[in-house]
Amino acid sequence: MGICVGITSGKGGVGKSSISIGLGSVLARKGYRVCLVDMDLGLKNLDIMMGLENRVFYDMIDVAQGKCSLNQALVKSKNEENLWLIPVSKSVTLNRLNEEIILNILDELKTKFDYILLDTAAGIESGFTYATHLADRFIVVTTLDQTSLQDADRIIGLLMKENAQKIQCIVNRMNPQYISKGISLKLMNALEWLSVECIGVVYEDEQIMKGYNHGHPSVSNEHSKASECFESIVRAFEGEEVILPKYHKSLLKRLFSS
Ligand SMILES: Nc1ncnc2c1ncn2[C@@H]1O[C@H](COP(=O)(O)OP(=O)(O)OP(=O)(O)O)[C@@H](O)[C@H]1O
Ligand SMILES: [Mg+2]
């Protein structure tokens with residue numbers, strides 16, 4: 001049976017969708033069958049970031065209403081053999097009935113995939129509250145900004161209140177220059193505060209933003225800095241000790257010259 005992972009955050013825009021694609025791509029490259037679920041109701045996110053916007057015709061609600069089969073609604077990644085995408089719903093609201101239907105479809109997905117990654121909406125909106133009932137484990141994404149960490153802490157508290165079994169975090173957009181100048185918080189201070197296991201960091205990298213803006217994730221290049229970060233994250237996700245990827249001179253040069 002597949003494992004359902006909720007990828008969430010307190011603050012919006014901190015990188016949930018980027019992390020979902022990165023984690024999903026590297027897990028898929030390792031041979032796991034991975035399905036990304038876009039939980040952002042009514043908004044198009046993952047399909048555009050993966051360059052799949054012209055291939056998404058159906059969503060989970062269509063499957064439930066018999067408009068298509070589950071296989072028809074699943075869209076295959078252009079870059080990874082074992083990576084698939086399905087949106088929950090193109091409409092903006094989900095009623096109780098739909099929630100039950102989606103639970104059933106997720107159960108079916110668990111028989112087809114090793115990992116189902118739920119890219120949730122930020123904060124305590126319906127998408128998040130809903131995902132707490134669905135996922136087996138959670139990854140809270142945060143940056144080292146005070147507001148992002150405050151909101152991440154709040155979400156971790158809410159997940160604990162809901163008796164979430166396993167909560168880990170990923171720090172995204174880490175910029176050593178910002179840390180040394182005191183612009184953002186220090187990683188260790190942030191992790192002490194959140195007090196959940198950190199499975200890795202993703203550095204601030206313009207190639208990551210460029211890749212998603214062009215529908216060609218930089219993680220799909222095995223030799224990219226993003227891949228290096230996500231390979232380390234996947235090892236930690238699977239229970240190995242976290243080793244932060246080395247901060248390459250070329251990347252430092254790029255950051256410092258900007
Ligand atoms: N490590 C990174 N380096 C540089 N840019 C990044 C990084 N991670 C994410 N971004 C950029 O930040 C923006 C927001 O990322 P993303 O869409 O993944 O956030 P999100 O948490 O899913 O947002 P939302 O809450 O709206 O769903 C995107 O333009 C993305 O390319
Ligand atoms: Mg998103």
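Within region 36-71, the set of residues being acidic (Asp, Glu), more than 16 Å from ligand 1 (Cβ to nearest atom) and not in a loop (DSSP other than H, G, I, E, B) comprises 62 only. Just so you know, in region 24-61 the residues that are of a type in the set (Ser, Thr, Tyr) and modelled with pLDDT of 95 or more include one that is farthest from ligand 2 (Cβ to nearest atom), and it is 32. Could you tell me which residue of region 1-15 is modelled with the lowest pLDDT, considering only residues that are under 20 Å from residue 106 (Cα atoms) and part of a loop (DSSP other than H, G, I, E, B)? Restricting to residues being under 20 Å from residue 106 (Cα atoms) and part of a loop (DSSP other than H, G, I, E, B), the top hit is 1.
If you filter region 21-42 down to residues that are surrounded by fewer than 24 Cβ atoms within 10 Å (Cβ to Cβ) and within 26 Å of residue 157 (Cβ to Cβ), you find that the one that is farthest from the chain's Cα centre (by Cα) is 41.
To keep it simple, each residue is scored yes or no on (1) farther than 20 Å from residue 191 by Cα; (2) modelled with pLDDT of 95 or more; (3) within 13 Å of ligand 1 (Cβ to nearest atom).
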{"site": "113", "(1), (2), (3)": "yes, yes, no"}
{"site": "116", "(1), (2), (3)": "yes, yes, no"}
{"site": "121", "(1), (2), (3)": "yes, no, yes"}
{"site": "135", "(1), (2), (3)": "yes, no, no"}
{"site": "140", "(1), (2), (3)": "no, yes, yes"}
{"site": "155", "(1), (2), (3)": "no, no, yes"}
{"site": "158", "(1), (2), (3)": "no, no, no"}
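Can you confirm whether residue 18 is within 11 Å of ligand 2 (Cβ to nearest atom), among the hydroxyl-bearing types (Ser, Thr, Tyr) and either surrounded by fewer than 19 Cβ atoms within 10 Å (Cβ to Cβ) or at pLDDT 95 or above (or both)?
Judged against the criteria, residue 18 is a match.
Going residue by residue through region 170-182, is there one that turns out to be within 16 Å of ligand 2 (Cβ to nearest atom), in a helix (DSSP H, G or I) and among the hydrophobic types (A, V, I, L, M, F, W, C)? Checked region 170-182: no residue is within 16 Å of ligand 2 (Cβ to nearest atom), in a helix (DSSP H, G or I) and among the hydrophobic types (A, V, I, L, M, F, W, C).
Within region 62-94, which residues are within 18 Å of residue 27 (Cβ to Cβ), more than 16 Å from ligand 2 (Cβ to nearest atom) and surrounded by 20 or more Cβ atoms within 10 Å (Cβ to Cβ)?
Hits for region 62-94 are 75, 77, 80, 82, 83, 84.
The values are calculated or read from the model by the stated rules, or taken from the named source; none is laboratory data. All figures in this text were calculated on a predicted structure; none of them were measured in a lab. So basically every Cβ, Gly included, is an ideal-geometry build from the backbone, and we count neighbours across all protein chains shown.
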